[in-house]
Every structure is written in structure tokens, then in C-alpha cells.
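Here's the structure we're looking at; comments come further down.
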Amino acid sequence: MSGLDNLLNQIRNTAEEEANARLNQARQQAEELIQNKKDLAEKEIENIKLKTDRKALEILEKAKSAAALQKRNAVLSAKQQIIESLLKTTLDKLNNLEDEAYFQIIRKMVSRYALSQDGQIIFSEKDKNRFPADFEEKLNQDILSKGGSLKISSEIRSFDGGFVLVYGDIEVNCTFTAMLASKHEILQDKIIRSLLA
């Protein structure tokens with residue numbers, strides 16, 4: 001039996017060696033598989049990190065852009081409020097000038113906007129009640145070189161300051177409100193330039 005025992009021992013040893021070799025091979029394959037999966041996971045983590053960084057950068061850039069737009073809009077709104085406030089203050093000052101200064105401005109405006117024909121000039125009730133002496137004559141002297149004349153109309157219109165010139169069907173609105181509105185963009189540009197200076 002000693003030959004059989006040797007044969008059995010030899011088969012057992014061979015089986016153990018083969019089992020150990022297969023076990024080692026399986027461990028090595030498992031380690032390689034784990035390492036491959038680990039490498040893939042690290043690459044995926046890196047890709048996710050890059051995508052997240054890009055997305056975060058995009059969000060940051062959008063936030064900066066939105067903030068810049070909001071800032072620009074806020075500055076523009078503030079400038080608009082300043083401009084409107086200045087124009088309103090100007091209008092209020094014009095409408096509340098002392099009679100002498102007020103009618104000097106009216107005379108200058110009539111000289112500038114009167115046409116070279118006969119017409120009428122319409123005022124507000126407030127202005128009609130405070131005309132200086134010989135006002136109509138002074139207006140006509142101011143526009144004598146243009147070749148036309150103006151008669152103060154008995155019609156009264158509702159506006160704060162200034163006047164309306166009427167030549168038949170043609171009306172020239174020289175109320176302070178209309179004059180400021182027609183010059184709004186020019187005045188706005190000048191005010192903005194002075195604010196930036």
C-alpha cells in the first residue's frame with residue numbers, strides 16, 4: 001500500500017498545487033479586476049469633477065453677467081431718476097419765476113419761435129392775470145424784424161407755463177412742458193455728460 005499511499009500523496013500534492021495555482025491566478029485576476037474598476041472609478045470621478053467645475057464656472061459666469069446687468073440697470077435707473085428730477089426741478093423753477101424774469105424768458109421764446117406772419121398767442125389763466133404793462137406791444141417789438149405780429153388771444157388754455165402760438169390752422173406749442181419734452185434727449189445727454197465729468 002505504500003505505492004498507493006505515494007500515488008495518493010502525489011495526486012493530493014498535485015491537486016493542492018493546482019488548486020493553489022488556480023487560487024493565486026483567481027486572486028491575481030480579482031486584484032486586476034479591482035484595480036481596473038478602481039481606475040475606471042477614478043477616471044469617472046475625474047470626469048465628474050471636470051464637468052462639475054465647468055458647470056460651476058458656467059454658473060459663476062452667468063451670475064457675474066446677471067450681476068453686471070443688474071448693476072448697469074440700477075445705474076441707468078438712478079441716472080434716469082436724476083435726469084427726471086432735474087427736469088422736473090427745472091420745470092418747477094421756470095413756472096415759479098418772479099413775474100419780471102418769467103416774462104423776459106417768454107419774450108425770448110416768442111422772438112425765437114414766432115413765424116413771419118400774423119398770429120395769436122395763447123396763455124394760461126395764471127399768466128393772463130400777471131402780464132406786465134404793454135406786454136403785447138413789447139412782444140410785437142421783439143418780433144418786428146420777422147415781419148409778423150401777434151395778438152394775445154382771449155382763449156385760455158390749461159398748462160403751467162409758456163404759451164401756444166397760433167397761425168390759422170398751425171399751432172406751435174411753446175409750453176415749458178412741451179419744450180422740455182422736445183429737448184428731452186438733448187438735455188438727457190448733457191446731464192449724463194455732466195454727471196460723468
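The values are calculated or read from the model by the stated rules, or taken from the named source; none is laboratory data. Everything quoted here is computed from the prediction, not taken from an experiment. Every residue, glycine among them, receives a Cβ derived from its backbone with ideal geometry; neighbour counts consider all protein chains shown.
Please determine, by comparing only the residues of the stretch 139-152 that are over 21 Å from residue 100 (Cα atoms) and in contact with a strand residue (DSSP E or B) (Cβ under 9 Å, 6 or more places away or on another chain), which one is modelled with the lowest pLDDT. Please lay out each step first, then the result.
The first filter runs over the stretch 139-152 and keeps only residues over 21 Å from residue 100 (Cα atoms), leaving 144-149.
If we keep only those that are in contact with a strand residue (DSSP E or B) (Cβ under 9 Å, 6 or more places away or on another chain) too, we end up with 148-149.
On the way: 148: 89, 149: 93.
Checking each candidate, the answer is 148.
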Answer residue from the stretch 157-170, given it is out of contact with any strand residue (DSSP E or B) (no Cβ under 6 Å at 6 or more places or on another chain) and surrounded by 13 or more Cβ atoms within 10 Å (Cβ to Cβ) and is farthest from residue 103 (Cα to Cα) among those = 160
What single numbered condition from (1) free of Cβ contacts under 8 Å to residues at least 40 places away in the same chain; (2) more than 22 Å from residue 128 (Cα to Cα); (3) within 36 Å of the chain's Cα centre (by Cα) fails to hold for residue 192?
-> (1)
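For the stretch 117-164, which positions are of a type in the set (Gly, Ala, Ser) and within 26 Å of residue 180 (Cβ to Cβ)? Walk me through how you get there before you give the answer.
Let us first name the residues in the stretch 117-164 that are of a type in the set (Gly, Ala, Ser), namely 119, 124, 133, 145, 147-149, 153-154, 158, 161-162.
If the condition is that a residue be of a type in the set (Gly, Ala, Ser) and within 26 Å of residue 180 (Cβ to Cβ), then 119, 124, 148, 153, 158, 161, 162 are the ones that fit.
Check 20, 47 and return the single one that is of a type outside the set (A, V, I, L, M, F, W, C) and either in contact with a Lys or Arg (Cβ under 7 Å, 6 or more places away or on another chain) or modelled with pLDDT under 85 (or both). Give the derivation first.
Numbers: 47 fails: either in contact with a Lys or Arg (Cβ under 7 Å, 6 or more places away or on another chain) or modelled with pLDDT under 85 (or both).
Of 20, 47, the one residue that is of a type outside the set (A, V, I, L, M, F, W, C) and either in contact with a Lys or Arg (Cβ under 7 Å, 6 or more places away or on another chain) or modelled with pLDDT under 85 (or both) is 20.
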Every pair of residues 6+ apart whose Cβ atoms lie under 6 Å, when the first sits in the stretch 116-131 and is closer than 20 Å to residue 170 by Cβ while the second is part of a helix (DSSP H, G or I) | 116/146
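Whether any residue in the stretch 86-100 is of a type in the set (Lys, Arg), closer than 30 Å to residue 191 by Cα and surrounded by 10 or more Cβ atoms within 10 Å (Cβ to Cβ) is what I want to check. Outline the logic, then answer.
First, the residues of the stretch 86-100 that are of a type in the set (Lys, Arg): 88, 93.
Subset that is closer than 30 Å to residue 191 by Cα: 88, 93.
Those still in the list that are surrounded by 10 or more Cβ atoms within 10 Å (Cβ to Cβ) too: 88, 93.
Checked against the condition, which is being of a type in the set (Lys, Arg), closer than 30 Å to residue 191 by Cα and surrounded by 10 or more Cβ atoms within 10 Å (Cβ to Cβ), the stretch 86-100 yields at least one hit.
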Note on residue 122: of the conditions (1) outside any strand (DSSP E or B); (2) in contact with a strand residue (DSSP E or B) (Cβ under 7 Å, 6 or more places away or on another chain); (3) buried (at least 17 other Cβ atoms within 10 Å of the Cβ), unmet is (1)
Could you grab the pairs with beta carbons closer than 7 Å, sequence gap of 6+ or different chains, first residue in the stretch 173-187 and modelled with pLDDT of 85 or more, second one among the charged types (D, E, K, R) and in a loop (DSSP other than H, G, I, E, B)?
-> 176/160; 177/160
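Does residue 104 satisfy being farther than 21 Å from residue 177 by Cβ and in a helix (DSSP H, G or I)? Spell out the reasoning first.
On the way: farther than 21 Å from residue 177 by Cβ: no; in a helix (DSSP H, G or I): yes.
When the stated conditions are applied, residue 104 does not pass them.
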